[in-house]
Amino acid sequence: MSVHKEIRKVTTHVLSEMKLRGEKISMLTAYDYSMARLVDEAGIDVVLVGDSASNVMAGNETTLPITLDQMIYHGKSVVKGVKRALVVVDMPFGTYQGNSKKAVQSAIRIMKETHADAVKIEGGKEIIESINRIISAGIPVMGHLGLMPQSIHKYGTYVVRAKEDEEAKKLISDAKLLEEAGCFAIVLEKIPATLGEKVASELKIPIIGIGAGGSVDGQVLVIHDMLGITQEFSPRFLRRYHNLAAEIKGAVGAYIEDVKSRDFPNNKEQY
Ligand code: KIV
């Protein structure tokens, strides 16, 4: 007899319940079926198909080159591996800025073709028309403020954002605007912890931080960074839970040695 375990799917509603009862939200990126399956089976609440795929999967320096088709490919693969977590797909650069009709068409393609649960968009007031249209189409939107990697050429650096009063005020007003528009959550990236705390306490929707301190409602990291696959990237907010780069190189080294020494395959490993 098989034991049928009931899986309660994480929805945007579940996330707001978590905030209400003070339970922290865990979120990690994934870009492919196998990793998404592992992350979901480990019990993560939200899987983000981040446009950081541009960096860690495609080897680009920035997130700008990744296309809508490529994000849809990653999104489709991830959704197949996930049973419980909420799956959010990043809208890539150039698919929503400055044209709200195009924005809603891009978001519809993501939802139709990947079967993900929501999209994530970088920006505040400047892109509010796009956010309004996407939400009007019934698509849940996660906002993203603070350091916005798609705007790297505007700032020229990845330093901490909103340290000065004026930028902090704009971030707070953008966050409120996103909440009013109906976003179900907001990612805050690389900002002072005190500002993260203020936004999380003033808004009802969950605030997920990456370098935004411990008082926000949840945390997100790029999986390749937290597993230690990427080595060159070491910001203060990154906690590495493993040194997978060394493990992978060690295993590959052992395989090479076994092949060269004719140890692999042995008699039991052939037909
Ligand atoms: O693309 C991404 O991985 C992200 C996270 C850093 C939040 O947006």
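Tell me which residues, restricted to segment 146-171, are under 20 Å from ILE66 (Cα atoms), open to solvent by less than 80 Å² (accessible area, probe 1.4 Å) and in a helix (DSSP H, G or I). PRO149, GLN150, SER151, ILE152 - these are the residues of segment 146-171 that are under 20 Å from ILE66 (Cα atoms), open to solvent by less than 80 Å² (accessible area, probe 1.4 Å) and in a helix (DSSP H, G or I).
Scan segment 180-203 for residues that are touching a residue at least 24 places away in the same chain (Cβ under 8 Å) and farther than 23 Å from ALA107 by Cβ and the total you get is 7.
Within segment 43-100, being of a type in the set (Val, Ile, Thr), under 26 Å from ILE128 (Cα atoms) and touching a Leu at 6+ places or on another chain (Cβ under 7 Å) holds for VAL46, VAL47, VAL88, THR95.
It is to be established whether one or more residues within segment 13-23 are away from the ligand (no atom under 16 Å from the Cβ), touching a residue at least 24 places away in the same chain (Cβ under 8 Å) and polar (S, T, N, Q). Can you show your working first?
We begin by selecting, within segment 13-23, every residue away from the ligand (no atom under 16 Å from the Cβ); these are 13-14, 16-23.
Cutting the leftovers down to touching a residue at least 24 places away in the same chain (Cβ under 8 Å) gives us 14, 16, 18-19.
Within this subset, residues satisfying the condition of being polar (S, T, N, Q) are 16.
There is at least one residue in segment 13-23 that is away from the ligand (no atom under 16 Å from the Cβ), touching a residue at least 24 places away in the same chain (Cβ under 8 Å) and polar (S, T, N, Q).
Among the residues of segment 214-262, those identified as at pLDDT 95 or above and small (Gly, Ala, Ser) are GLY214, SER215, GLY218, GLY228, ALA245, ALA246, GLY250, ALA251, GLY253, ALA254, SER261. Summed over segment 64-105, the residues that are in a loop (DSSP other than H, G, I, E, B) and open to solvent by less than 30 Å² (accessible area, probe 1.4 Å) give a count of 7. A search for C-beta distances below 7 Å between a residue of segment 162-179 that is under 18 Å from ILE121 (Cβ atoms) and any residue that is surrounded by fewer than 16 Cβ atoms within 10 Å (Cβ to Cβ) and at pLDDT 95 or above, counting only pairs 6+ apart in sequence or on different chains, returns ASP174/LYS125; LEU177/LYS125; GLU179/LYS204. Just one of the listed residues (ARG240, ARG262, ARG236) is surrounded by fewer than 11 Cβ atoms within 10 Å (Cβ to Cβ) and either within 16 Å of the ligand (Cβ to nearest atom) or within 24 Å of GLU122 (Cβ to Cβ) (or both), and it is ARG236.
Against the numbered list (1) under 18 Å from TYR158 (Cβ atoms); (2) of a type in the set (A, V, I, L, M, F, W, C); (3) near the ligand (Cβ under 10 Å from one of its atoms), ILE208 comes up short only at (1).
The values are calculated or read from the model by the stated rules, or taken from the named source; none is laboratory data. On a predicted model such as this, the values are computed, not experimentally measured, just so you know. Reconstructed Cβ throughout: ideal geometry from the backbone, glycine too, with neighbour counts over all protein chains shown. Side chains are part of the model used for accessible areas, which takes the heavy atoms of the whole protein and leaves out ligands, DNA and RNA. Shrake-Rupley method; radii C 1.70, N 1.55, O 1.52, S 1.80 Å.
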